[in-house]
Amino acid sequence: MTRETKLEIIKRLEDLVSFQKDCLSAGYWEEYDKAENERKRLEEELVYE
């Protein structure tokens, strides 16, 4: 995995965490769960690639 690809994943993770924070504040639990699944997938991709 290239450095640029890793940076893109990290930026996406930052966006997802911010989105999750907003979901928790607004009570959008289903959207939070969807973002959580995507966050976990991106973290695994970052670590294992």
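The values are calculated or read from the model by the stated rules, or taken from the named source; none is laboratory data. Only a predicted model underlies this, so the values are computations on that prediction, with no experimental measurement involved. Cβ coordinates were reconstructed from backbone atoms using ideal geometry, including for glycine residues, and neighbour counts include every protein chain displayed. Ligands, DNA and RNA are excluded from the accessible area calculation, which covers all protein heavy atoms including side chains. Shrake-Rupley method; radii C 1.70, N 1.55, O 1.52, S 1.80 Å.
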The list (1) 3.5; (2) 3.0; (3) 4.3 gives values of mean projected area of the Cα convex hull in nm², and only one came from this structure; which label was calculated from it?
(2)
J(HN,Hα) series, region 38-49, from Karplus relation 6.51 cos²θ - 1.76 cosθ + 1.60, nearest Hz, glycine and proline x:
5, 4, 4, 5, 5, 4, 5, 4, 5, 6, 9, 8
Find the accessible area per residue for the chain; the probe is 1.4 Å, ligands and nucleic acids are left out, and the unit is Å².
81
Share of accessible surface on carbon and sulfur in the chain, whole %, 1.4 Å probe and ligands ignored, is 49
Would you calculate a helix-derived [θ] at 222 nm for the chain, using -39,500 (n - 2.57) for each DSSP H run of n ≥ 4 and dividing by the full residue count, to the nearest 500?
-31500 deg cm²/dmol
Can you give me the distance in nm between label points at E49 and M1, each placed 7 Å from the Cα along the Cα-to-Cβ direction?
0.6
